[in-house]
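Since the structure comes first, as structure tokens, the remarks are kept for the end.
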Amino acid sequence: MKLRRLWAIVLKEVRQLRRDRITLAMIVMIPVGQLVLFGYAINLNPRGLTAAVADQAGTAASRALVMDLVATGVIRTVAEADTPQQLVGMLRRGEISVGIAVPPDFERRRVDGREVLQVMVDGSDTVVQSAAAQLAQTPVDSSVAAPRKTAPIGVVAFYNPQRRSPVNIVPGLIGVILTMTMVMFTSVAIVRERERGNMELLITTPVSRTELMIGKVLPYALIGLIQTSVVLLLGLWLFDVPIKGSVLEVYIAAVLLILANLALGLMISTKAASQFQAMQMTVFILLPSILLSGFMFPYAGMPAPAQWLAEVLPMTHFLRLIRGVMLRGAGLLELWHDVAYLLGFIAVMMSLAVSRFRKRLD
């Protein structure tokens with residue numbers, strides 16, 4: 001072994017890295033991104049859970065107790081309701097995570113030591129369910145009329161009262177698998193054509209840019225539907241994960257995520273110069289999608305900047321759709337905000353990918 005020849009190879013690799021700007025950026029951005037995500041954005045103790053209050057008593061003591069619950073920082077009120085039934089509807093539509101129901105006979109219950117208030121929790125997220133259970137420890141204000149007994153606060157978990165982890169994880173796994181595979185497959189689609197020499201053949205054909213892009217997407221969309229079916233069947237067979245909503249709407253939500261990820265992958269493919277670069281960029285998209293979407297860590301526990309970034313990711317909106325349909329029995333029309341975002345994301349990413357693609361070798 002000659003040190004001079006070894007040094008020449010080392011210099012060659014360093015110069016190649018200097019020219020490869022995407023790889024050079026990933027060397028820095030991947031560790032920085034993970035450090036920021038795990039150290040700053042990830043929080044297992046969610047605060048500020050969205051809540052609505054239905055105070056049917058309307059007394060000074062009931063208002064004081066609700067204020068005490070808000071003062072814990074676990075919840076923040078975003079709406080008011082007239083009846084507990086309205087709170088259940090808000091929970092089903094995903095508008096809130098916690099509902100506070102105060103019965104009309106609040107004062108009598110305080111005096112008798114019976115349950116004075118009911119906390120309704122969206123149990124489709126077990127972490128949120130655990131955090132909301134802390135509200136049951138809030139002492140009941142006795143400044144108006146001292147009760148003879150300790151008046152308890154009841155907690156009712158909807159959609160997953162047994163707190164089974166598979167019920168929460170399996171729907172999210174559909175999104176993780178589709179994001180991982182769909183973006184990865186299509187991110188190398190255009191680059192692979194160039195590296196294999198097929199781009200020269202495509203240039204000579206009358207196929208337009210739009211036809212080429214859509215033609216590359218459709219086969220992978222079918223693969224994504226097959227993957228969705230496999231996860232649903234295994235989830236039902238192995239873990240008894242329920243599908244309370246429409247199966248058709250489950251597949252519609254999956255199609256929206258599949259098309260969004262395929263369009264994103266094509267956009268990456270038009271930017272990457274090699275398959276290695278495309279894979280690097282895919283990893284940079286996959287990590288935030290898993291960590292910030294609410295799949296592994298509660299969305300409510302993240303700081304505002306992390307939530308803004310999460311709102312950009314298709315995975316975040318898909319999780320709301322799939323959990324809403326599968327676990328809460330909600331319809332896509334009730335979750336139209338997330339449907340509209342995914343449709344807009346597909347249109348924007350596909351338009352950018354088509355506009356950036358050129359049928360030429362340079």
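Scan region 92-103 and give yes if some residue there is more than 30 Å from Asp338 (Cα to Cα) and in contact (Cβ under 8 Å) with a residue 40 or more places away in the chain, otherwise no.
Yes, because at least one residue in region 92-103 is more than 30 Å from Asp338 (Cα to Cα) and in contact (Cβ under 8 Å) with a residue 40 or more places away in the chain.
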Problem - Unmet requirement for Pro242, which otherwise passes all of (1) assigned to a helix (DSSP H, G or I); (2) within 21 Å of the chain's Cα centre (by Cα); (3) more than 17 Å from Ala347 (Cβ to Cβ); (4) modelled with pLDDT under 90 - result: (1)
Handout entry: Matching residues, region 69-114, being in contact with an Asp or Glu (Cβ under 6 Å, 6 or more places away or on another chain), closer than 20 Å to Gly324 by Cβ and either aliphatic (A, V, I, L, M) or not in a loop (DSSP other than H, G, I, E, B) (or both)
Key = Leu91, Arg93
Handout entry: Pairs, first under 21 Å from Phe106 (Cα atoms) in region 121-142, second open to solvent by 40 Å² or more (accessible area, probe 1.4 Å), C-beta under 6 Å, six or more apart
Key = Ala133/Val155; Ala136/Val155; Thr138/Asp68
Completion exercise
Per the filter on region 68-88, residues open to solvent by 30 Å² or more (accessible area, probe 1.4 Å) and β-branched (Val, Ile, Thr) are Val70, Thr72, Thr77, Val78, Thr83, Val88
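Name the residues in region 117-127 that are over 20 Å from Gln86 (Cβ atoms) and not acidic (Asp, Glu), would you?
So in region 117-127, the residues over 20 Å from Gln86 (Cβ atoms) come out as 125-127.
Once the filter is applied, which keeps residues that are over 20 Å from Gln86 (Cβ atoms) and not acidic (Asp, Glu), region 117-127 yields Thr126, Val127.
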Exercise for the section: List the number of the failed condition for Leu65; all other conditions in (1) under 27 Å from Trp308 (Cα atoms); (2) in contact (Cβ under 8 Å) with a residue 60 or more places away in the chain; (3) surrounded by 21 or more Cβ atoms within 10 Å (Cβ to Cβ) hold. Expected result: (1)
Problem - Top-ranked residue of region 43-62 - restricted to ones that are among the polar types (S, T, N, Q) and open to solvent by 30 Å² or more (accessible area, probe 1.4 Å), ranked as nearest to Val156 (Cα to Cα) - result: Thr50
Exercise for the section: Please note which helices (runs of 4 or more DSSP H) are completely contained in region 248-362 and include at least 3 residues that are modelled with pLDDT under 90 and over 30 Å from Glu211 (Cα atoms). Expected result: 275-292, 304-312
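For region 100-128, what are the residues that are closer than 30 Å to Leu173 by Cα and either open to solvent by 20 Å² or more (accessible area, probe 1.4 Å) or touching a Pro at 6+ places or on another chain (Cβ under 7 Å) (or both)?
Within region 100-128, Gly123, Asp125, Thr126, Val127, Val128 qualify.
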Handout entry: Criterion (of a type in the set (A, V, I, L, M, F, W, C), crowded, with 19+ Cβ neighbours inside 10 Å and more than 19 Å from Leu178 (Cα to Cα)) met by exactly one of Leu238, Leu259, Leu321, Leu332
Key = Leu332
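The values are calculated or read from the model by the stated rules, or taken from the named source; none is laboratory data. In this text the structure is predicted, and so the values were computed from the model without any measurement. All Cβ positions, glycine included, derive from the backbone under ideal geometry; neighbour counts span all protein chains shown. When the accessible area is computed, the model is the full protein with side chains, heavy atoms only, and any ligands, DNA or RNA have been set aside. Shrake-Rupley method; radii C 1.70, N 1.55, O 1.52, S 1.80 Å.
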